[in-house]
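The values are calculated or read from the model by the stated rules, or taken from the named source; none is laboratory data. Just so it is clear, the model here is predicted, and its values are computed rather than measured. Calculation scope for accessible area: heavy atoms of the full protein, side chains included, ligands and nucleic acids excluded. Shrake-Rupley method; radii C 1.70, N 1.55, O 1.52, S 1.80 Å.
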Amino acid sequence: MGEEKIQLETLVKRLFIIDSKLTSENAQLVSEYNQIVEEIYAAISKIRTDNEKSMVLSKKK
């Protein structure tokens, strides 16, 4: 019974270590994901602005 307890404690500790690593990696990935989304939104906004300017210029002709 003593060996099983030690084995379970070791396994639980390993799970906590893995969980903390995954949490850290997930946080980093979420930050990177959010940054990419912001850059995509900025690019779309610029395209819209450029298209609106283009439309205004073409209407004046």
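Counting protein heavy atoms only, the chain has 62 percent of its accessible area on carbon and sulfur, 1.4 angstrom probe.
In the chain, inverting the average of 1/r over every pair of distinct C-alpha atoms gives 16.1 Å as the Kirkwood radius.
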